[in-house]
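Report on the structure given below.
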Amino acid sequence: MSVTAIVGAQWGDEGKGKITHLLSPSFDAVIRFQGGSNAGHTVKTGGQTFKFHLLPSGILYDGKVCILAAGVVVDPATLSAEINTLIEMGCFRGKLILSADAHIVTPYHKLLDSLEEKRMGDCAIGTTGHGIGPAYADKYLRIGIRVGDLLDPPVLKRKLKYAIESKNAVLTGLYGAEPVDPEEQYEIISKSSESLVPYIENTTPIIRDYMAEGKNLLLEGAQGTLLDIDYGTYPYVTSSHPVTAGGCLGTGISPLKIKRVIAVSKAYTTRVGNGSFPTEQLNSIGETMREAGKEYGTTTGRKRRCGWLDLVLLKYAILINGATEIALTKVDVLNEFETIKVCTSYMYKGGRIEEVDMDDAILAQCTPIYEEIPGWSTDISEVADFGGVPRNLAEYISFIEDRTGIPVSLVSTGPDKSQTLVKDVQPEKLPAF
Ligand code: IMP
């Protein structure tokens, strides 16, 4: 039995989906533990392109168990649409299990998300507008609607009535908006959830049994460490825990069982939404990265902000997650640069620091100090194995390993699954590693 976690080491969009897809064949089950349809990843395989928001990409493999665990917030309409699309393409091949304890995102959560962003004006978070914050807020207020409630219409109606009473006071009183009708919300939610009913189960004992049977489990995080509600750049964060510990909370797996943690980081940095970003390049360098990396959000289509790799932040993410290795993605995006910069420390209040308190306001006062590394200026999309990478790229990777203290075990050189170089370990050996 082994439990491996894949987590984002930056502000999301690191390419976790591709790494999960690549490693899924070595695991018995892939488990998503937090977040909702704010996530988005594209998987390119066998000449086809798949866009996922909620489903783990393991669903493309025959018989692979894919679990949406208790820590996830599920938008029934989005999940149903994603399932239907894959069924129509003939690619819904795995076995989906949806936790009865997961919370659902309702239409009024999405409405509240957008109204609150408008109210905040210049201070808005820049959310994806998918109702994630309001859904998690209701979970902690204990007026959330859980997936299991979808199976019991009288309970669902009663819970909606109480939740909506309080939401309507806010909608009309704070935002001057129209109230929502509980009956109408009930109709929308039950209709969009109809096709999900066969997948709903209590996932905690299922996961426990899998562990007792010695199965290999892969935990798939969404978003990234710097968007964690407690350990990210608050308040410009999401409302869940994308870190390894969130994998325990969101699934019921003991922290002692997670033996391997893969921190996924781009070879540079991106961020969507507002908040500090010390190495951001608001210039032609950032634009080159955006165009070469197609840095536009899968979920919202927004332009991603781009900048150099920040090792102060990466080292922080490695510590918070207990990462055992790095998967370095989108390395090919740096092909064009003659010189590559890496931030290794900051100037803060007149002094040089290598660690920072993770607070958006503090980060805003940090000026990056860079070290320069010669670029490889070569197309690496056809490199077949790690031994074939240009010398300067091998040095870039060694530099990251030296400074972070953990190995880079996977290097992604292009969007296709086949464009992944494995260093140190073979994919089929990974669970036992
Ligand atoms: P929310 O998760 O929609 O509430 O958005 C909160 C913040 O997290 C915003 O800055 C979003 O842009 C960011 N965010 C949420 N999900 C993702 C993601 O999957 N990738 C990158 N950023 C994300």
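Values in this text are rule-based calculations from the coordinates and carry no lab data. These figures come from a predicted structure and were not determined experimentally. All Cβ positions, glycine included, derive from the backbone under ideal geometry; neighbour counts span all protein chains shown.
For region 241-260, the condition of being in contact with a Gly (Cβ under 9 Å, 6 or more places away or on another chain), within 16 Å of the ligand (Cβ to nearest atom) and polar (S, T, N, Q) holds for none of the residues. Only residues that are in contact (Cβ under 8 Å) with a residue 12 or more places away in the chain, within 16 Å of the ligand (Cβ to nearest atom) and touching a Lys or Arg at 6+ places or on another chain (Cβ under 7 Å) were counted across region 264-315, and they come to 16. Figure legend. Inter-residue proximity from region 200-226: first residues touching a residue at least 40 places away in the same chain (Cβ under 8 Å), second residues of a type in the set (D, E, K, R) and assigned to a loop (DSSP other than H, G, I, E, B), beta-carbon distance below 7 Å, spacing 6+ or different chains. Indicated pairs: Y210/D28; K215/D28; N216/D28; L217/D28; G224/E14. Evaluation of G301 against the conditions (1) more than 19 Å from the chain's Cα centre (by Cα); (2) among the small types (G, A, S); (3) surrounded by fewer than 17 Cβ atoms within 10 Å (Cβ to Cβ); (4) more than 18 Å from G232 (Cα to Cα) shows that the sole unmet condition is (1).
Tell me, please, whether a residue that is basic (K, R), without any contact (Cβ under 8 Å) to a residue 60 or more places away in the chain and more than 10 Å from the ligand (Cβ to nearest atom) can be found in region 114-121. Among the residues of region 114-121, at least one is basic (K, R), without any contact (Cβ under 8 Å) to a residue 60 or more places away in the chain and more than 10 Å from the ligand (Cβ to nearest atom), which makes the answer yes.
Taking the stated definitions as given, is Y175 more than 16 Å from the ligand (Cβ to nearest atom), touching a residue at least 24 places away in the same chain (Cβ under 8 Å), in a helix (DSSP H, G or I) and surrounded by 14 or more Cβ atoms within 10 Å (Cβ to Cβ)?
Against the criterion (more than 16 Å from the ligand (Cβ to nearest atom), touching a residue at least 24 places away in the same chain (Cβ under 8 Å), in a helix (DSSP H, G or I) and surrounded by 14 or more Cβ atoms within 10 Å (Cβ to Cβ)), Y175 does not qualify.
Of all residues in region 140-189, count the ones that are touching a His at 6+ places or on another chain (Cβ under 9 Å) and more than 14 Å from Y108 (Cβ to Cβ). Residues flagged as touching a His at 6+ places or on another chain (Cβ under 9 Å) and more than 14 Å from Y108 (Cβ to Cβ) within region 140-189 amount to 2. Taken over region 362-400, the residue count meeting the criterion of being in a helix (DSSP H, G or I) and either in contact with a Phe, Trp or Tyr (Cβ under 6 Å, 6 or more places away or on another chain) or free of Cβ contacts under 8 Å to residues at least 40 places away in the same chain (or both) is 10. Looking at G133, G129, G90, just one residue is without any contact (Cβ under 8 Å) to a residue 24 or more places away in the chain and either among the small types (G, A, S) or surrounded by 23 or more Cβ atoms within 10 Å (Cβ to Cβ) (or both), and that residue is G90. Scoring T49 on the criteria (1) away from the ligand (no atom under 13 Å from the Cβ); (2) in contact with a Leu (Cβ under 6 Å, 6 or more places away or on another chain); (3) without any contact (Cβ under 8 Å) to a residue 60 or more places away in the chain leaves a single failure, condition (2).
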